[in-house]
Amino acid sequence: MPRRILILGGTADARRLAGRLTARADLDLILSLAGRTENPVTQPVPVRVGGFGGIAGLVTTLKTEGISAVIDATHPYAAQMSRHAAAACAEAGLPLLALRRAPWVKIAGDKWREVPDVPAAVAALGETPRRVFLALGRNEVRAFAAAPQHAYLVRSVDPVVPPLAVPDAAYVVARGPFTAEGDRALLEEHRIEVLVAKNSGGPATYGKMEAARALGLEVLLLARPEVPDVEAVETADAAVAWVERLFPG
Ligand code: NAP
């Protein structure tokens, strides 16, 4: 029986990890995507798409698919999936590893203000009209329609359809990685005064943080959600080492 590993993905780290593990012919890998993006990037291993149907559905999948171990390599803000993975693996008695990117850390020159959630970010923009860069998922930007006095530049992987119900909004549909130079040019072109972003960690989307620092702009950072207390590593290399220990080749 090949050892089957379920990788909960949706991140570049998950894709990188899956690619690294293909070197192990004795492992059978499945990468799971939520199905949020319209044109997901090609993955190096077989993919399944869509929710499992809560904790019970995930437990059923783990059993029927004969999964031997799970690696939760979802985005740090996909906390529900992480909670479900922890509960389902505990119930099914399976080993679970979380691969979680370390958050970005504030350095000299950063004007970061942490806010607990999206509504708090909307409120923190204030009453006075400002020019705002939203680097958030297309579903999260919807809340900013409650503050139509601001001018928005929205960058998302998929188009925001329908567009935000505000008088002044521009859109950039793009998938990272982004450079600091490119993001600085974008912020200057749109005369951005404040950014709203998640603390995703990793280099792919850090360019905007460097650009904000260079331009002296405020950044409203959504706090990371709480995730379950399970064994965790920060890099794909460390996750590969965990698999090597679990299933020596
Ligand atoms: P979530 O709130 O943790 O998950 C909601 C539900 O989606 C889960 O309960 C599960 O449904 C399903 N799901 C999530 N990830 C899955 C996966 N890898 N495979 C199968 N089903 C999955 O996560 P989310 O709604 O995807 O995202 C929450 C936050 O994370 C948002 O802020 C989003 O923008 C961010 N995010 C960012 C990225 C990125 O930038 N790469 C990727 C993903 C998420 P069932 O309960 O039915 O199993």
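The values are calculated or read from the model by the stated rules, or taken from the named source; none is laboratory data. All figures in this text were calculated on a predicted structure; none of them were measured in a lab. Neighbour counts run over all protein chains shown; Cβ positions are idealised from the backbone, glycine included. Each accessible area value is taken on the protein alone, full model and side chains, heavy atoms only, with ligands, DNA and RNA left out. Shrake-Rupley method; radii C 1.70, N 1.55, O 1.52, S 1.80 Å.
Could you work out which residue, out of VAL49, VAL157, VAL196, moves most in a Gaussian network model of the chain, that is, has the largest mean-square fluctuation with Cα springs under 10 Å? Its mean-square fluctuation being the largest, the pick is VAL49.
Residue-wise HN-Hα couplings along region 163-170, as the Karplus relation 6.51 cos²θ - 1.76 cosθ + 1.60 with θ = phi - 60° gives them from phi, are x, 4, 7, 9, x, 10, 8, 10 Hz; Gly and Pro carry x.
If you plug the beta carbon distance of ASP168 and ALA214 into 1/(1 + (r/R0)^6) with R0 = 41 Å, you get a FRET efficiency near 0.95. Near the amide H of ALA232, within less than 5 Å, lie the amide hydrogens of ALA98, all on another chain or at least 5 residues away, with H placed in the peptide plane.
Stretching ALA79 away from LYS111 to a fully extended chain increases their span by 8.9 nm, per 0.36 nm per residue minus the current alpha-carbon distance.
Residues considered: LEU195, LEU29, LEU94. Largest GNM mean-square fluctuation over the chain, using C-alpha springs under 10 Å, is found at LEU94. Legend: calculated FRET efficiency, THR179 to ARG142, from the Cβ-Cβ distance at R0 = 30 Å, rounded to 0.05, equals 0.60. The phi-based Karplus calculation (6.51 cos²θ - 1.76 cosθ + 1.60; θ = phi - 60°) puts the 3J(HN,Hα) values of region 69-81 at 7, 10, 10, 8, 10, 6, 4, x, 9, 8, 6, 5, 4 Hz, whole numbers, x for Gly and Pro. Put a dot 7 Å past the Cα of ALA56, heading toward its Cβ, do the same for GLU244, and the two dots end up 4.2 nm apart. Close amide H pairs (under 5 Å, H built 1.01 Å from N) link TYR171 with VAL154, residues at least 5 positions away or on another chain.
Sequence-distant contacts, meaning Cα pairs under 8 Å at least 6 residues apart, place the relative contact order of the chain at 21 percent. Here is the list for region 106-144: GluC sites (Glu not before Pro) lying in DSSP coil, each with at most 15 other C-beta atoms within 10 angstrom of its C-beta, are GLU127. The alpha-carbon positions of the chain define a convex hull whose volume is 128 Å³ per residue.
Summarising the label geometry, the points placed 7 Å from Cα in the beta-carbon direction at VAL49 and ALA90 lie 3.3 nm from one another. In this structure, VAL161 and HIS190 have a Cβ-Cβ separation that, at R0 = 30 Å, corresponds to a calculated FRET efficiency of about 0.90. Taking the protein heavy atoms of region 94-228 in the context of the full set of protein chains, the accessible area attributed to carbon and sulfur is 58 percent at 1.4 Å. The lysines within cross-link reach of LYS208, meaning a Cα-to-Cα straight distance under 22 Å and a gap of 8 or more places when in the same chain, are LYS106, LYS111, LYS198. Amide H to amide H, with H built 1.01 Å from N, ARG48 comes under 5 Å of LEU31, SER32, LEU33, counting only residues 5 or more places away or on other chains. With all projection directions averaged, the alpha carbon convex hull of region 128-247 covers 9.4 nm². Taking a ≥ b ≥ c as the square roots of the eigenvalues of the alpha carbon gyration tensor, region 102-185 is oblate, as a/c is not under 1.5 and a/b does not beat b/c. The mean accessible area for residues of the chain, using a 1.4 Å probe and ignoring ligands and nucleic acids, is 47 Å² per residue.
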